[in-house]
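To start, the structure under review is shown below, and the notes come after it.
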Amino acid sequence: MHLLLSGIVGSVAYGLAGPGSDVDRIGVFAAPTVAFHGLRRPKESVVTTDPDVTLHEAGKYCGLALSGNPTATELMWLPDECYETRTGFGDRLIAIRSAFLSAPRVRAAYLGYATQQFRKLTTRDSDGSRSRRGARRAEPESSHTGGRRRSAKHARHLARLLHQGRVLYATGVLEIRLADPEWFRGFGERVAGGALDEAEALVVAAERDFDRIRSPLPERPDEETVERWLLDVRAAHLGRPQP
């Protein structure tokens, strides 16, 4: 495995980290090109939980980023201090980050992932807790501290995804470090306390914004530029794997 680019993502990068927050890392690596022609293809992803690290092979990473996957995309837009590994190929990946973007995929990905967070707030949990969608003041996900903490986290993710998606869709630039993290923390606490109507209103407002914004992003990503990078990675990492 040849690590090309890696960095700290998640709440630390957004400026939302608290005393108990995990430190999440993501990276891109190159497997030996010859390994793709053997009986067993190399792993596309390597994931560990202690510490929390997700590494994607270059081809898998390109597919995720071209689809608009928010977590994969943010690796190319991190503040400099969040990068832990930067190689020549990593720098080239950052330089072509706009080639991965397209208006339809950005809209679908960010709205889609935000909607998933909303569902987590409004569906019955494994402990039997529930909330009522559309209620003025809905029941919290759980009366327990852990359930409230999870709800606040889902709500923060929902608000952050909608904000980042709208900014990226409107400007072509992904904002990683949030300008007003306290607003997102406060939103998370209000929703965890039962204000699901506020979360639902935020989703509806975001959908309206995506409808009215004339995005500078193209209809399709620049796959030729991405493929040139990937082929150069393959050519530079031909080596025979160790027996």
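The simple spin-label model puts a point 7 Å past each Cα toward its Cβ; for E182 and R212 those points are separated by 2.8 nm.
Sequentially through region 184-196, phi angles give Karplus couplings (6.51, -1.76, 1.60; θ = phi - 60°) of 5, 5, x, 4, x, 5, 5, 5, 4, x, x, 7, 5 Hz, Gly and Pro residues having no value and appearing as x. Charges on Cβ only, +1 for Lys and Arg, -1 for Asp and Glu, centred on the Cα centroid of the chain; of H56, P19, P104, which one is farthest towards the dipole's positive end? Positive-end residue among those listed: P104. Using Cβ point charges alone (K and R +1, D and E -1), the dipole size of the chain about the Cα centre works out to roughly 620 debye.
Packing, as the average of other Cβ atoms within 10 Å across residues, places the peptides 196-203, 44-51 in the order 196-203, 44-51, highest first.
Secondary-structure-derived ellipticity at 222 nm for the chain, considering helices only, amounts to -15000 deg cm²/dmol, per-run term -39500 (n - 2.57) for DSSP H runs with n ≥ 4.
Each 10 Å bin from 0 upward holds the following percent of the Cα-Cα pairs of region 43-96: 21, 57, 22, 0.
What FRET efficiency comes out for the pair T225/E175, r = Cβ-Cβ distance, R0 = 30 Å, nearest 0.05?
FRET efficiency, T225 to E175: 0.85.
Legend: residues D22, D232, D52, D80, sorted from most to least accessible area (1.4 Å probe; ligands, DNA and RNA excluded), read D80, D22, D232, D52. Would you mind estimating how fast the chain diffuses translationally, via Stokes-Einstein at 25 °C and 0.890 mPa s with the Kirkwood radius over Cα pairs, in µm²/s? Once the numbers are plugged in, D ends up at 127 µm²/s.
The calculated FRET efficiency for the pair A201 and A108, based on their C-beta separation and a Förster distance of 22 Å, comes to about 0.55. Over the Cα atoms of region 1-109, each weighted equally, I'd like the Debye log10 I(q)/I(0) at q = 0.13, 0.22 Å⁻¹, rounded to two decimals. For region 1-109 at q = 0.13, 0.22 Å⁻¹, log10 I(q)/I(0) is -0.50, -1.26.
Once all protein chains are placed together, E81 keeps about 130 Å² accessible to a 1.4 angstrom probe. Annotation for region 191-227: trypsin sites (Lys or Arg not before Pro) lying in DSSP loop with at most 15 further Cβ atoms inside 10 Å of their Cβ are R214. Using the Cβ-Cβ distance between R149 and S98 with R0 = 30 Å, the FRET efficiency computed as 1/(1 + (r/R0)^6) comes to roughly 0.25. For the chain, the longest principal axis of the C-alpha atoms and the axis of helix 103-122 are separated by about 50°.
The values are calculated or read from the model by the stated rules, or taken from the named source; none is laboratory data. Values in this document were obtained by computation on a predicted structure and should not be read as measured data. Note: ideal-geometry Cβ built from the backbone for every residue, glycine included; neighbour counts use all protein chains shown. Heavy atoms of the whole protein, side chains included, go into the accessibility calculation; ligands, DNA and RNA do not. Shrake-Rupley method; radii C 1.70, N 1.55, O 1.52, S 1.80 Å.
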